[in-house]
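Report on the structure given below.
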Amino acid sequence: MMGDVRALPARRKVGYTLEAPFYTDPEILKLDLDLIFGRHWIFVGVEPEIAEPGDCLTVDIGPHAIVVTRDDDMALNAFHNVCRHRGARLIEERHSNVGRVVCPYHQWTYGLDGALLFAGHMPKGFDKSCHGLKTVHVRSLAGLIFVCLADEPPADFAAMEQAMTPYLAPHDIAHCKVAHSEDIIEPGNWKLTMENNRECYHCSGAHPELTKSIFAEGFGFKPVGAAAEASAARFHALVDTLHGEWENIGVASREIDHLADCVTGYRTERLPLEDAGESETLDTRVACRKLLGGLTQKRLGALSFWTQPNSWHHFMSDHIVTFAVFPITAETALLRTTWLVHQDAVEGIDYEKDNLIAVWHATNAQDSSLVGKASDGVRTSGYQPGPYSPDTEGLVEKFCVWYVDRLKAGLAA
Amino acid sequence: MMGDVRALPARRKVGYTLEAPFYTDPEILKLDLDLIFGRHWIFVGVEPEIAEPGDCLTVDIGPHAIVVTRDDDMALNAFHNVCRHRGARLIEERHSNVGRVVCPYHQWTYGLDGALLFAGHMPKGFDKSCHGLKTVHVRSLAGLIFVCLADEPPADFAAMEQAMTPYLAPHDIAHCKVAHSEDIIEPGNWKLTMENNRECYHCSGAHPELTKSIFAEGFGFKPVGAAAEASAARFHALVDTLHGEWENIGVASREIDHLADCVTGYRTERLPLEDAGESETLDTRVACRKLLGGLTQKRLGALSFWTQPNSWHHFMSDHIVTFAVFPITAETALLRTTWLVHQDAVEGIDYEKDNLIAVWHATNAQDSSLVGKASDGVRTSGYQPGPYSPDTEGLVEKFCVWYVDRLKAGLAA
Amino acid sequence: MMGDVRALPARRKVGYTLEAPFYTDPEILKLDLDLIFGRHWIFVGVEPEIAEPGDCLTVDIGPHAIVVTRDDDMALNAFHNVCRHRGARLIEERHSNVGRVVCPYHQWTYGLDGALLFAGHMPKGFDKSCHGLKTVHVRSLAGLIFVCLADEPPADFAAMEQAMTPYLAPHDIAHCKVAHSEDIIEPGNWKLTMENNRECYHCSGAHPELTKSIFAEGFGFKPVGAAAEASAARFHALVDTLHGEWENIGVASREIDHLADCVTGYRTERLPLEDAGESETLDTRVACRKLLGGLTQKRLGALSFWTQPNSWHHFMSDHIVTFAVFPITAETALLRTTWLVHQDAVEGIDYEKDNLIAVWHATNAQDSSLVGKASDGVRTSGYQPGPYSPDTEGLVEKFCVWYVDRLKAGLAA
């Protein structure tokens, strides 16, 4: 299309949207799947999805078919979801529970740790130990499951884990249950979905439900002009006050931003909600009467936790919403949203599902439409990279910086 | 598939259909969109579609997304339909009316002349004048709207305009209205649709409705054999007589053919209709009682106006039918047909829509089926270019000559 | 994807499944269609499909569109199904009967022998004899129709014909009729469908209906271990006894295996059926009271006849099932199954169609699902070629050897 796509990362113009092939070219998608999704820690789900021994969670990321299992010792393992005999896919369903993993084609049989236990009709001398399932690295960060397909995964996951645990631990993901899950096929490249998430510039025009609780001044907003500065000053005073109160009761809250300066890039901050709000709901009150973990205070704002390249999460006192993005084609992506509540909460008594999911169900649909409009435009001959607003799109720029840096590092290796 | 597709134009065999990749190869389609549709005057619609200030007409041609607007001074403007900020598509609908063009993503706002009027959150020093919509050349030829995406459009549009105005002006397109519009996805490359249009060899076998009014002897027909020569002689005598009569009343009629010898290739001729017919209808009588412009005579034959690369038009005393072809994929194309009548004609009183569209609605469907059969064949391994009939397919040959010449010129540039 | 796909055949590892691109890469599919399907004898149908003069059978194999006709002298002819004028597809339907072949576009007209009989509007000097339909080689092997697109088809078809005629002749295909035909789009590369057919390792786990009649010990099975050896010994003793009995009554039965050592590779063997069975039916009894040809004995086992690259056939005393595989895309294939009974058998009296097709209708669906699982796995990044069982997958290995050898020969030519 325009020569060697491998030359594109080097010429990326700082502060501007990416060139069109990054959003449209199947060759770039292959690079993304290989160098980004194949070599970094990718968020794939939450521990409550595989709570019991034998539970399996499959996830497909382009050519990567992965199964995460919980074994009888409650440890997590992850494997390529493909038989070592004739290459058949082993586990079809997203969620299942098995004693052993039996291939549906010729019944080769593996343990939950991936070891080949049985293979019929093989000759003497066949070494089962050389034909176990190929492993994938897996880590749980306070209940959020990440996998890495690289031989040697980025080592700085440990630093993120250490820093983030005080933020996430109070929400006690391990004792949550999945209240609802929703998959959307977004009509654009996965990076358009991520970039859309990394700014709230569009919120006031697009998200009437979300802006009932979310302050537009969060998420890296920097004011321009006297009125905006005064409004932002009031917001930041509120943030400072609440950060102090929350940290006093053991709920870590202050901003950490390693979006662009770590291989395992991430950012977090706990932000107050509008109208002295408790949760990201239509009436800004908690959606679930039973609070998470040992929490007793409803008004804990919303903790944002973002990871590069593919996830974001909102943690409130009463529920959690996690988002994972997976490329499908160069111009489509899967957005998987999961709502979590306390495992003892009872639907219809402690929470109503419609109320729980109302804000983000609506917001996802609005964002998907915007991603589609962006995708429709960036594929046209009239598109050229445009300027980000330093005031409100600085974190989008950090996503692009991280992405291009990681692509360059991968290409250089 | 067969080496460098860029070598194909040079080896085109005169008088024969094109080699298969011209009809099937996505690389050739890219060349077509770049060198043919990106550098020539392309017919996109008619002025009655954007009659009022603020009216917008969008058209998508492969990667080219264009919006034509009428501004408050009634001037036509055309732009790339993509925001200069994050690249979102600006206007979704084919037809709309707006005061200003507001991007749905972050509300960047443009005037109907394309100037950037508002962009929120941008820093001091941001120059709005550098971020207006990118312009596209636009011209109206007596109410037929043409756009050109090239920086410097072919200059010979002016010559076509001067030559054609006496032919088109009597039909007064500006005071017409759209009575009906129909889009067909044709199952073949856009050139198969054009080639099918450029001969009436297939008419007798394929178009029972159309041949009620159209003489097969028109459209470049040259007779072979005594019987055909006698029939053609009678036809041409009739043509000569009527051309004289029509030109006497100020209705230009004689053949002009610059299909293959101009960058802005075109051809025109006003032809009599069978059975002393008035219009291209099932009974060959006018479909609309209210004649176009100031016309008073029903029997004015049918004026054919063809433009390279993508349009043809039939002008009768009572109505106009225009056809535009746009590539979709290498093996599909959009055929857009628009029927126009006098703006004061009232449906149900002056004309019945079913009667108005009957001939070309049926003919389009028949042609689409033939295009599909050609497409099904040319993609097979048994296909090889076959000979055109010099007698009845000479204008198809001219289409191919123009196309290959323009491709060669573009590749050489 | 992984450099030059043309390097892949040379590095194929003996005894292992093929590398992923053989099952997924459109470039390999092109090689397959050119070098395998374009240069070998391909099974396309049976003579009862074109029993009468003027009968036509079309078959589409990737870019190859072929029509087989029976002419007035009852001879078979085959042609590229594309007009020599503008390249239109000539015959649309799979089965039709025509006096002459008339192009639907401009009515060029051909005889059943492919000669151009009529072309309108062509100038003096136009040589019809240079514009006949392009021929395709066609042969009938005892009623099974094979075509070859190569200029010089493999000469060893004659050897196969000589060897196989005694096996097939007793079933008298020419006097059969088609009782049912079924097309399945298999969700995998055509080679996955073939490989699945070339072993019965998966039968016990996948095919409850088929294993009522078929012995798993057939089809190249070699036992491992004392129990399997004893069971296999009993089976082979039965085979030897029955081969003797059948050959005594003129029904050739003994194994011939040229799967991997002939350009026109094939294999045959007549095998007994379980439970002293007569036919591949749910109750192992004949499905049709009227036996084939002059056969009088119901219990003739099932004759397997396999051809490289794309067919297999089961011949019983009462009916025949033939299978043809055609690539569609790199990851889909058409499986065409045809059930034949004696031409005088009457549905509802001599046979019930549901009973006739029950076993293979179910087995096809099961195999299609397995092909899908294999296809889902081999396209993943975790797939690597796995080891065939020498005991039960030796004939799959022979398919791979034949395929890779023929690809190498084609690439070298």
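The values are calculated or read from the model by the stated rules, or taken from the named source; none is laboratory data. Bear in mind that the values here come from a model prediction, so they are computed numbers and not experimental data. When we count neighbours, we look across all protein chains shown, and the Cβ atoms used for this are built from the backbone with ideal geometry, even at glycine.
Say we look at the range A:159-202 and pick out the residues that are among the hydroxyl-bearing types (Ser, Thr, Tyr) and either closer than 30 Å to A:LYS373 by Cβ or crowded, with 22+ Cβ neighbours inside 10 Å (or both); which of these is modelled with the lowest pLDDT?
Let us first name the residues in the range A:159-202 that are among the hydroxyl-bearing types (Ser, Thr, Tyr), namely A:165, A:167, A:181, A:193, A:201.
From what is left, the residues that are either closer than 30 Å to A:LYS373 by Cβ or crowded, with 22+ Cβ neighbours inside 10 Å (or both) are A:181, A:193, A:201.
Details: A:SER181: 98, A:THR193: 98, A:TYR201: 94.
Out of the qualifying residues, it is A:TYR201.
Please tell me if C:HIS137 is of a type outside the set (A, V, I, L, M, F, W, C) and more than 30 Å from the chain's Cα centre (by Cα).
Details: of a type outside the set (A, V, I, L, M, F, W, C): yes; more than 30 Å from the chain's Cα centre (by Cα): no.
The answer is no for C:HIS137.
Give me the pairs: first residue in the range A:372-385 and at negative phi and more than 7 Å from every other protein chain (Cβ to nearest Cβ), second residue of a type in the set (S, T, N, Q) and buried (at least 24 other Cβ atoms within 10 Å of the Cβ), beta-carbon distance under 6 Å, and six or more apart or on different chains, which are they?
A:PRO385/A:THR17
Looking at the range A:228-254 only, could you name the residues that are touching a residue at least 40 places away in the same chain (Cβ under 8 Å) and not small (Gly, Ala, Ser)?
A:LEU242, A:TRP246, A:ILE249, A:VAL251
Could you list all residues from the range C:128-156 that are without any contact (Cβ under 8 Å) to a residue 12 or more places away in the chain and not in a loop (DSSP other than H, G, I, E, B)?
C:CYS130
Against the definition (more than 14 Å from every other protein chain (Cβ to nearest Cβ), among the acidic types (Asp, Glu) and part of a loop (DSSP other than H, G, I, E, B)), how does B:ASP344 come out, yes or no?
Taking the combined requirement at face value, the residue satisfies it.
Scan the range B:130-146 and tell me whether some residue there is at pLDDT below 95 and in contact with a Pro (Cβ under 7 Å, 6 or more places away or on another chain). Steps first, please.
Restricting attention to the range B:130-146, the residues satisfying the condition of being at pLDDT below 95 are none.
Scanning the range B:130-146 turns up no residue that is at pLDDT below 95 and in contact with a Pro (Cβ under 7 Å, 6 or more places away or on another chain).
Pick out the one residue from C:ASP60, C:ASP73 that is touching a residue at least 24 places away in the same chain (Cβ under 8 Å) and among the charged types (D, E, K, R).
Among C:ASP60, C:ASP73, only C:ASP60 is touching a residue at least 24 places away in the same chain (Cβ under 8 Å) and among the charged types (D, E, K, R).
Can you list the strands (runs of 3 or more DSSP E) found entirely within the range B:1-116 that contain at least 3 residues being within 14 Å of chain A (Cβ to nearest Cβ) and buried (at least 20 other Cβ atoms within 10 Å of the Cβ)? Quick ask: steps written out before the conclusion?
Values: elements: B:42-46, B:55-61, B:64-70, B:76-80, B:95-97.
Ranges flagged: B:55-61, B:64-70, B:76-80.
Can you name every residue in the range B:121-147 that is within 13 Å of chain A (Cβ to nearest Cβ) and either crowded, with 20+ Cβ neighbours inside 10 Å or of a type in the set (A, V, I, L, M, F, W, C) (or both)?
Those that are within 13 Å of chain A (Cβ to nearest Cβ) and either crowded, with 20+ Cβ neighbours inside 10 Å or of a type in the set (A, V, I, L, M, F, W, C) (or both): B:HIS121, B:MET122, B:PHE126, B:CYS130, B:LEU133, B:VAL136, B:VAL147.
If I filter the range C:366-382 for residues that are under 23 Å from C:GLU47 (Cα atoms) and either modelled with pLDDT under 95 or hydroxyl-bearing (Ser, Thr, Tyr) (or both), do I get at least one hit?
No, the conditions are met nowhere in the range C:366-382.
Kindly indicate which of B:ALA374, B:ALA358, B:ALA330, B:ALA345 is assigned by TED's automatic domain parsing to the domain that holds B:ARG289 and surrounded by fewer than 21 Cβ atoms within 10 Å (Cβ to Cβ).
When all the criteria are applied, what remains is B:ALA358.
Right, C:ASP240: more than 21 Å from C:GLY220 (Cβ to Cβ) and assigned to a helix (DSSP H, G or I) or not?
Taking the combined requirement at face value, the residue does not satisfy it.
When you check C:LEU395 against the structure, is it touching a Pro at 6+ places or on another chain (Cβ under 6 Å) and either at negative phi or assigned by TED's automatic domain parsing to the domain that holds C:PHE221 (or both), yes or no?
Numbers: touching a Pro at 6+ places or on another chain (Cβ under 6 Å): no; either at negative phi or assigned by TED's automatic domain parsing to the domain that holds C:PHE221 (or both): yes.
It is false that C:LEU395 is touching a Pro at 6+ places or on another chain (Cβ under 6 Å) and either at negative phi or assigned by TED's automatic domain parsing to the domain that holds C:PHE221 (or both).
Just to be sure before I move on: is B:LYS191 within 16 Å of the chain's Cα centre (by Cα), in the same structural domain as B:GLY293 (by TED's automatic domain parsing) and among the basic types (Lys, Arg) in the structure I sent?
For B:LYS191, the condition - within 16 Å of the chain's Cα centre (by Cα), in the same structural domain as B:GLY293 (by TED's automatic domain parsing) and among the basic types (Lys, Arg) - is met.
Might you let me know whether the range C:347-364 holds any residue that is within 14 Å of chain A (Cβ to nearest Cβ), assigned to a helix (DSSP H, G or I) and under 20 Å from the mean Cα position of the chain (by Cα)?
Scanning the range C:347-364, I find no residue that is within 14 Å of chain A (Cβ to nearest Cβ), assigned to a helix (DSSP H, G or I) and under 20 Å from the mean Cα position of the chain (by Cα), so the answer is no.
For the subset of the range A:386-403 comprising residues that are in a loop (DSSP other than H, G, I, E, B) and more than 7 Å from chain B (Cβ to nearest Cβ), which member is nearest to the chain's Cα centre (by Cα)?
Initially, the range A:386-403 is screened for residues in a loop (DSSP other than H, G, I, E, B), giving A:386, A:388-393.
Narrowing the set further to residues that are more than 7 Å from chain B (Cβ to nearest Cβ) leaves A:388, A:393.
Numbers: A:TYR388: 23, A:GLU393: 20 Å.
By that ranking, first place goes to A:GLU393.
Take the residues in the range B:203-229 that are modelled with pLDDT under 90 and away from chain C (no Cβ under 11 Å); name whichever of them is farthest from B:VAL321 (Cα to Cα).
B:ALA226
Quick check, is A:ALA169 farther than 18 Å from A:THR338 by Cβ, free of Cβ contacts under 8 Å to residues at least 12 places away in the same chain, out of contact with any strand residue (DSSP E or B) (no Cβ under 8 Å at 6 or more places or on another chain) and not in a strand (DSSP E or B)?
no
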